[in-house]
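Let me begin by presenting the structure, written as structure tokens, before commenting on it.
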Amino acid sequence: MHLYQSNEIKIYNSLTGQKEIFKPINAGHVGMYVCGPTVYSNVHLGNVRTFMSFDMVFRYLKHLGYKVRYVRNITDAGHLENDADVGEDKITKKARLEQIEPMEVVQRYTVDFHNILNTLNFLPPSIEPTATGHIIEQIELIRTIVENGFAYVVNGSVYFDVHKFNESHAYGKLSKRKLEDLIHNTRALDGQSDKKNPQDFALWKKAEPQHIMRWPSPWSDGFPGWHLECTAMSTKYLGEQFDIHGGGMDLKFPHHECEIAQNEAAKGKSPVNYWMHANMLELNGQRMSKTTGNTVNPHELLSGENAFFSKAFAPGVIRFFSAQSSYRSILDLTDAGLLASEKGFNKLMEGMRLLQSVGTANTSSFDVSSWQQRCYDAMNDDFNTPILIATLFEAVKYLNQIKEGSASITAKDLQVLKTTMHAFVYDVLGLEATSEASTNANNDKLASAVNILIELRQDARINKDFALSDKIRDELAEAGIQLKDSKDGTTFSLS
RNA sequence: GGCGUCGUGGCCGAGUGGCUUAGGCACAGGUCUGCAAAACCUGCUACAGCGGUUCGAUUCCGCUCGACGCCUCCA
């Protein structure tokens with residue numbers, strides 16, 4: 001008996017605009033594809049939020065016992081500066097600017113991307129394919145689309161014929177656009193486009209002589225179009241139709257719209273059953289933008305070396321902050337918000353510690369099994385992590401009451417509580433007390449030193465030498481060590 | 001201009017046609033303490049505006065105002 005058999009998930013499907021009961025194509029198995037980063041610079045923090053949302057989706061599906069194949073690609077070629085057919089490949093441009101090989105650019109930022117995700121406690125996807133590793137598949141796909149009459153060749157480049165496609169299919173059904181509206185609203189191209197219509201998009205681009213990233217094809221030496229890689233790689237590893245496709249809201253049009261068109265043109269099938277789109281991340285109420293300087297990269301957020309935030313924030317705090325809002329809402333990153341999340345996160349982690357130390361009784365004054373069900377209900381409702389967190393805090397409050405003696409729990413219920421808290425806090429939300437884990441190596445020596453000071457202070461307090469005891473307390477505080485007095489003695493924590 | 005999303009208490013941020021409350025932070029009072037801090041307990045307030053549907057709307061519908069995203073590079 002797997003958990004997924006008793007937990008019916010509802011997913012908000014961007015394609016239909018409503019929450020739908022999730023039914024995987026193959027019972028017990030889930031195929032999920034998420035558009036990964038274009039590795040031409042440090043990964044965008046907003047992109048990290050998107051991946052974090054899907055990391056939690058991945059984790060929950062796994063927790064329920066699904067066998068999940070999670071594919072998240074690396075775009076290392078083909079993402080043009082613009083779609084107007086005259087743009088430069090982003091990787092190539094960066095390589096030219098830095099005077100290094102394109103693959104050096106790719107390597108550098110792929111490593112950076114993985115570092116950030118590891119630091120933030122992401123689970124690696126099942127497969128992480130690259131665009132350049134699937135040139136053959138992409139060429140085959142183009143060939144099929146051309147044969148089916150939905151693409152045309154001009155001067156060695158191949159373009160998808162959106163108008164032709166729209167005669168027999170619905171181009172724009174995901175983003176709720178009509179082709180005629182697009183025609184009226186597309187800016188006229190200035191100059192030498194090979195496209196029949198501005199709405200057409202490149203499947204294959206002939207490379208200019210100086211272009212380093214190039215592969216042979218039936219049409220020219222060139223490189224594949226950006227939209228094509230996701231179609232090639234998703235269907236290669238997940239099948240012509242698969243369960244979940246995710247990505248940032250900004251990719252809905254044109255990227256995902258083009259994916260649907262490509263797959264329908266090539267295979268005659270709409271590729272995805274459930275489209276999920278994560279909303280944008282803002283910084284202080286404004287969109288992040290490199291051009292206006294209103295941007296922070298993940299390193300700067302983690303290190304505190306930036307102009308926006310008062311301190312460094314631990315990975316767990318960032319995850320907690322993200323999970324406190326729904327993946328479908330715009331999330332505004334602010335100093336006050338992060339500070340509030342830090343306190344909340346610490347409170348939750350304190351609750352996790354209480355699980356180990358709290359005493360049991362003959363009766364429980366709290367309905368643990370209905371609480372447990374509400375945790376599942378929250379996640380089953382379109383992965384509602386804010387509700388899950390609110391429910392987890394009910395348990396924290398309960399644990400504190402047990403500690404204070406105003407509530408009680410049986411050993412059996414405590415076991416359920418412990419298992420469930422661990423499952424949701426660690427496995428599903430991916431939270432870890434990383435700030436402590438990272439200092440553990442030094443903790444033993446530090447602890448013995450601080451404990452000596454605590455003893456000295458205790459002696460001073462017994463002697464009513466409060467000047468000395470306060471001096472020890474205050475100077476430790478300045479050094480980032482906070483003493484906590486309680487009935488059972490004094491402990492400390494690092495701030 | 002087109003398409004889409006949204007407007008919740010001091011702040012962030014869920015949710016719902018009435019029933020019992022989101023939750024976190026902040027704030028106030030209390031417990032504890034030599035005093036603090038920390039921790040804990042208790043309290044606190046809301047649904048942009050105007051109409052409509054309804055026995056009843058923050059929740060549904062319409063309009064107004066405002067914010068944001070995509071439509072052109074920025075995730």
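The values are calculated or read from the model by the stated rules, or taken from the named source; none is laboratory data. Note that the structure is a prediction, hence the values are computed from the model and not measured. We place every Cβ from the backbone using ideal geometry, glycine too, and count neighbours over all the protein chains shown. Side chains are part of the model used for accessible areas, which takes the heavy atoms of the whole protein and leaves out ligands, DNA and RNA. Shrake-Rupley method; radii C 1.70, N 1.55, O 1.52, S 1.80 Å.
Here's the list of lysines a cross-link from A:Lys347 could span, going by alpha-carbon distance under 18 Å and ignoring same-chain residues fewer than 8 apart: A:Lys397, A:Lys403, A:Lys418, A:Lys484.
Report Rg/Rh for region A:101-235, rounded to two decimals, where Rg is the Cα radius of gyration and Rh the Kirkwood radius. That ratio is 1.02, to two decimals. Taking Cα centre as origin and charging only the Cβ of basic (Lys, Arg, +1) and acidic (Asp, Glu, -1) residues, the dipole magnitude of region A:3-278 rounds to 820 debye. For A:Ser370 and A:Gln210, a Förster radius of 60 Å and the Cβ-Cβ distance give a FRET efficiency of 0.35, rounded to the nearest 0.05.
How much of the accessible area of chain A, in percent, comes from carbon and sulfur atoms when a 1.4 Å probe is used? Exposed carbon and sulfur together represent 49 percent of the surface. Taking a cut-off of 23 Å between Cα atoms, list the lysines near A:Lys205, but don't count ones fewer than 8 places away on the same chain. Hits, sequence-local ones excluded: A:Lys90, A:Lys93, A:Lys94, A:Lys164, A:Lys195, A:Lys196, A:Lys236, A:Lys252, A:Lys267. Accessible surface area normalised per residue over chain A is 46 Å², counting heavy atoms of protein chains with a 1.4 Å rolling probe. Estimated from helical segments only, the mean residue ellipticity of chain A at 222 nm is -14000 deg cm²/dmol, where each DSSP H run of four or more residues counts as -39500 (n - 2.57). 3J(HN,Hα) couplings calculated from phi for region A:44-51 with the Karplus curve 6.51 cos²θ - 1.76 cosθ + 1.60 (θ = phi - 60°) are, in sequence order, 6, 4, x, 4, 4, 4, 4, 5 Hz; Gly and Pro show x. Charge dipole of region A:439-494 (Cα centre as origin; +1 on each Lys and Arg Cβ, -1 on each Asp and Glu Cβ, all else neutral): 100 debye, rounded to the nearest 20.
Pick out, from A:Thr291, A:Tyr376, A:Ser6, the residue whose Cα sits farthest towards the positive end of the charge dipole of chain A, with +1 on the Cβ of Lys and Arg and -1 on the Cβ of Asp and Glu. Most positive-ward Cα: A:Ser6. Coupling constants for region A:394-407 follow from the phi torsions by the Karplus curve (6.51 cos²θ - 1.76 cosθ + 1.60, θ = phi - 60°), and in residue order they are 4, 5, 4, 4, 4, 4, 5, 5, 4, 4, 7, x, 9, 8 Hz; glycine and proline get x.
A Cβ-based charge dipole, computed about the Cα centre of region A:305-435 with Lys and Arg at +1 and Asp and Glu at -1, lands at about 300 debye. Taking Lys and Arg as +1 and Asp and Glu as -1, the other residues whose beta-carbon sits under 10 Å from that of A:Leu281 total 0. Once the chain from A:Asn463 to A:Glu128 is taken as fully extended at 0.36 nm per residue, the excess over their C-alpha distance is 114.2 nm. If I model a spin label at A:Asp181 and A:Glu98 as a point 7 Å from the Cα along the Cα→Cβ vector, what separation in nanometres do I get? Going from the A:Asp181 label point to the A:Glu98 one covers 4.0 nm. By the Cα gyration tensor, region A:216-362 has an equivalent ellipsoid whose semi-axes, rounded to whole angstrom, run 40, 24, 14 from largest to smallest. Output the antiparallel fraction of DSSP beta bridges having both residues in chain A, as a percent to the nearest 5. So the antiparallel bridges amount to about 55 percent of the total. A simple spin-label model places pseudo-atoms 7 Å from Cα toward Cβ; at A:Arg353 and A:Leu446 they are separated by 1.3 nm.
Calculated FRET efficiency, A:Ala361 to A:Ile387, Cβ-Cβ distance, R0 = 25 Å: about 0.30 to the nearest 0.05. Could you give me D for region A:3-278, from Stokes-Einstein at 25 °C and 0.890 mPa s, where the hydrodynamic radius is the Kirkwood radius over C-alpha pairs? Units µm² s⁻¹, please. It diffuses with D of about 127 µm²/s by this estimate.
The modelled label-to-label distance for the pair A:Lys397/A:Asn118, using points 7 Å beyond Cα in the direction of Cβ, is 4.1 nm.
Selection among A:Gly149, A:Gly239, A:Val358 by position relative to the dipole of chain A gives A:Val358 as farthest towards the positive end (Cβ unit charges, Cα centre).
From most to least packed by mean Cβ count within 10 Å, the peptides A:36-43, A:293-300, A:217-224, A:477-484 give A:36-43, A:217-224, A:293-300, A:477-484. For region A:439-494, the spread of Cα coordinates along the three principal axes comes to 36, 23, 16 Å, biggest extent given first.
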